[in-house]
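The values are calculated or read from the model by the stated rules, or taken from the named source; none is laboratory data. What you see is a predicted model; the values in this text were computed from it and never measured. Positions of Cβ are generated from backbone atoms using ideal geometry, with glycine treated the same way; all protein chains shown enter the neighbour counts. Heavy atoms of the whole protein, side chains included, go into the accessibility calculation; ligands, DNA and RNA do not. Shrake-Rupley method; radii C 1.70, N 1.55, O 1.52, S 1.80 Å.
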Amino acid sequence: MENIDNLCINTIRTLTIDAVEKANSGHPGMPMGMAPAAYSLWTRHLRYNPKNPQWMNRDRFVLSCGHGSMLLYAVLYLTGYDLSLDDIKNFRQWGSKTPGHPESDLTPGVEVTTGPLGQGISNAVGMAIAEKYLAAHFNREQFPIIDYNVYVFASDGDLEEGISSEASSLAGCLGLDNLIVIYDNNHISIDGSTSLAFTEDVAKRYGAYGWFVQTVDTDGNDLEAFDRAIDAAKKEKGRPSFIKWHTHIGYGSPNKQDTAEIHGSPLGAEEVALTKKVYGWDPDKTFYVPDESLAKFRQQVEKGTELENSWRKLFAEYSKTYPELADEFTVALNKKLPHDWEKIWKESVPIFDPTKPLATREAQGKIFDALMPKLPLVIGGSADLSDSTKTLYTDAPIFSSVNPAGRYIHYGIREHGMGAIMNGIAATGILTPFGATYFCFTDYMRPAIRLAALAKYPVIFVYTHDSIGVGEDGPTHQPVEHLASFRAMPGLILIRPADANETLQAWKFALEHREGPVMLVLTRQKIPVIDQTKFSSAQHLSHGAYILKDTQRERLDLILLATGSEVHLALAAQEKLANEEIGIRVVSMPSWELFEQQTQEYRDSVLPPAITARVAIEAGVKLGWDKYIGSTGEFVGMTTFGASAPSKILFEQFGFTVENIISTAKAVLENSIK
């Protein structure tokens, strides 16, 4: 190893040590061990431009073991990204661009938000899928405008989490040869040696997945061995690559190297001084960056600028030869729908017959058949439930190793992996991903959904079989508490449409929304299609809640609020109560989040504060509804898990009947008068 290489590597290490020490918090061990790999990757292999972190054809780097974030921050600062030495000094502090775990919407150069182990490597699978599809869709002979690789640093913890198995298995099946994972095999976890709970042969496991596997048993400092492994991985065709790279956690620490003690704690002043001496560093200098080291790293600025300029020249020629494709690319890159989106929408949307009941999942199927063939940058699939979720539209091309131009992904029974892969597709830019399964299986997907909300990924989560309406499958498949739990998640917009027309408008909103994830929750059972000529237009769905049917009387006495399959029950109850000279308003409330975004004036117009007699109807638990029904309102909903029986019987047994709604409404009115 040349002296300049060693100097640069130790600069990464000491910046990490000092930042963790100053914060009195962090994980120094992994960056100390993986610094040589990071140095080699970022100065010899990755294609990127520090001055334009969003250059579309850059290679992607994912730090799946996000607890080692200082490794990434150090490299980003050193190579010239918009990250300063003061940002490094402000590691893990309020308002800094260097949080404890990488956040993609906060720090320039961070591709995906990582931290929960296994998510990053799974995101990378989605990023690799996106590259394959984009290349197949946009590239033409002599114009490889999309041809980047996705690199990952992963830890023992990443590989122990089940989500990485799901995603890695699919990556092997799909032959994603643009994906290269470097496994930091340092044999240490927080509790001690990984042998306490992790003794499998990881290389053989990845070989069984269909990956190209290389094992490098050095001390983590052999740059030539690392370069050979990366070069071999880049040349491999038809298989993703897995490099088992042996390192020493906390490399250079005389008393803590290869121990759990250095995994997630500062070294302490005495050990910092001893470690710096091992590196040939002045122990009294903190956040010291040698001029020679910085100059070496900053060469990447000129190199990256040249790479992007070369690509831009290629794209300019591409634009002349293929102007329509270039325009499609540019519009999508700016997070916009096609120029003719409104025309596509008006010409494609189906008309639903109000005399024929239709499950909202079936309505979705009709929407997909009409719309998806005209939206080539919307890509998605289902977790082995394509027919049930109605997401496999007619003649949908299947994405595979032999057909990367396919737009429908068969995820298999891998819900958690699907969620994280969708996030990776969205993080890549240009593509809008969707993925579908049953609503109860969000229990397997929650970490990925949460990260989508946190990172503002424009992902469309599609869930069917939304309530006790699942019927005979029983309470294991009836998600009574899930609506409440996801409404509690910041940054997620949940929509539970009342019928086919609201489902149509929900999809319009989801496709147009670019600032975070949208969750659509749809019925298994058939429900009435609300007649748009007799009731308010479903176009009001974008307001979150709207007056579906107002009283014809001079005085408003009572408000019925409902979502999803229960809205038609509220309408039926209103019709009967109207005959008893009671002024009733029915409010369809498909999205609490969208309703809360409206002005106070609009919200008060829908739910006048003076009208305290209110009844909410929803086939889920009550949690959260008090905000809208107040202390005097009542809730017709679930207080237990469901049961196994035909859905009609279940709705009757659990009180979702017009008769029960009427009796509840009368009781509320009586109490309000008192």
Just checking, does the range 21-37 include any residue being open to solvent by less than 10 Å² (accessible area, probe 1.4 Å) and polar (S, T, N, Q)?
no
Six or more apart or on different chains, Cβ under 6 Å: which pairs go from a residue in the range 467-494 that's on the phi > 0 side of the Ramachandran plot to one that's modelled with pLDDT of 95 or more? Could you list them?
Gly471/Pro646; Gly471/Ser647; Gly474/Ser644; Gly491/Ala453; Gly491/Gly516
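Per-residue answers, yes or no, for (1) surrounded by fewer than 23 Cβ atoms within 10 Å (Cβ to Cβ); (2) closer than 24 Å to Thr657 by Cβ:
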| residue | (1), (2) |
| --- | --- |
| Gln532 | yes, no |
| Ala545 | no, yes |
| Arg555 | yes, no |
| Val567 | no, yes |
| Glu575 | yes, yes |
| Ala578 | yes, yes |
| Val587 | no, yes |
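Across the range 365-377, what is the total count of residues that are open to solvent by less than 10 Å² (accessible area, probe 1.4 Å), among the aliphatic types (A, V, I, L, M) and under 23 Å from the mean Cα position of the chain (by Cα)? Give the steps one after another, and end with the answer.
Taking the range 365-377 as the starting set, the residues that turn out to be open to solvent by less than 10 Å² (accessible area, probe 1.4 Å) are 367-368, 371-372, 375.
With among the aliphatic types (A, V, I, L, M) added as a condition, the list becomes 367, 371-372, 375.
Pick out the ones that are also under 23 Å from the mean Cα position of the chain (by Cα) and you get 372, 375.
So the count comes out to 2.
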The condition from (1) touching a residue at least 40 places away in the same chain (Cβ under 8 Å); (2) in a helix (DSSP H, G or I); (3) surrounded by fewer than 16 Cβ atoms within 10 Å (Cβ to Cβ); (4) not hydrophobic (A, V, I, L, M, F, W, C) that Asp327 misses is numbered (1)
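Checking the conditions here, which among Glu111, Glu141, Glu160 is open to solvent by 10 Å² or more (accessible area, probe 1.4 Å) and more than 30 Å from Leu325 (Cβ to Cβ)? Before the answer, list the steps.
Working: Glu111 fails: more than 30 Å from Leu325 (Cβ to Cβ); Glu141 fails: more than 30 Å from Leu325 (Cβ to Cβ).
Criteria check complete, one pass: Glu160.
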Restricting attention to the range 54-106, and to residues there that are among the hydrophobic types (A, V, I, L, M, F, W, C) and part of a loop (DSSP other than H, G, I, E, B), which single residue is surrounded by the most Cβ atoms within 10 Å (Cβ to Cβ)?
Cys65
Could you figure out which of (1) surrounded by 12 or more Cβ atoms within 10 Å (Cβ to Cβ); (2) among the acidic types (Asp, Glu); (3) part of a loop (DSSP other than H, G, I, E, B) isn't true of Glu317?
(3)
Elements of type helices (runs of 4 or more DSSP H) in the range 107-181, at least 3 residues being closer than 30 Å to Glu328 by Cβ:
119-138, 162-174
Regarding the range 168-188, can at least one residue be identified that is farther than 30 Å from Phe399 by Cα, among the hydroxyl-bearing types (Ser, Thr, Tyr) and at pLDDT 95 or above?
no
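Can you go through Lys336, Lys346 and tell me which one is assigned to a helix (DSSP H, G or I), at pLDDT below 95 and under 15 Å from Leu511 (Cα atoms)?
Numbers: Lys336 fails: assigned to a helix (DSSP H, G or I).
The unique qualifying residue is Lys346.
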Filter the range 173-218 down to the residues that are open to solvent by 30 Å² or more (accessible area, probe 1.4 Å) and among the aromatic types (Phe, Trp, Tyr), then identify the one that is farthest from the chain's Cα centre (by Cα).
Phe212
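Has the range 294-313 got at least one residue that is open to solvent by less than 20 Å² (accessible area, probe 1.4 Å), of a type in the set (Val, Ile, Thr) and part of a helix (DSSP H, G or I)? Quick ask: steps written out before the conclusion?
Just the residues of the range 294-313 that are open to solvent by less than 20 Å² (accessible area, probe 1.4 Å), to begin with: 297, 300, 304, 308.
Subsequent filtering for residues that are of a type in the set (Val, Ile, Thr) retains none.
So far as the range 294-313 goes, no, none of its residues is open to solvent by less than 20 Å² (accessible area, probe 1.4 Å), of a type in the set (Val, Ile, Thr) and part of a helix (DSSP H, G or I).
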Candidate set: the range 596-616, residues that are assigned to a loop (DSSP other than H, G, I, E, B) and open to solvent by less than 60 Å² (accessible area, probe 1.4 Å); chosen: the one nearest to His543 (Cα to Cα):
Gln598
Output for Cβ contacts, cut-off 8 Å, separation at least six or different chains, first residue without any contact (Cβ under 8 Å) to a residue 40 or more places away in the chain in the range 68-93, second among the aromatic types (Phe, Trp, Tyr) and in a helix (DSSP H, G or I), reads Leu83/Tyr73; Leu83/Tyr77; Ser84/Tyr77; Asp87/Tyr73; Asp87/Tyr77
Name the pairs whose Cβ atoms lie under 8 Å apart, with the first residue in the range 164-180 and under 13 Å from Val402 (Cα atoms), the second in a helix (DSSP H, G or I) and among the aliphatic types (A, V, I, L, M), and 6 or more positions between them or separate chains?
Leu174/Ile129; Leu176/Val125; Leu176/Ala128; Leu176/Ile129
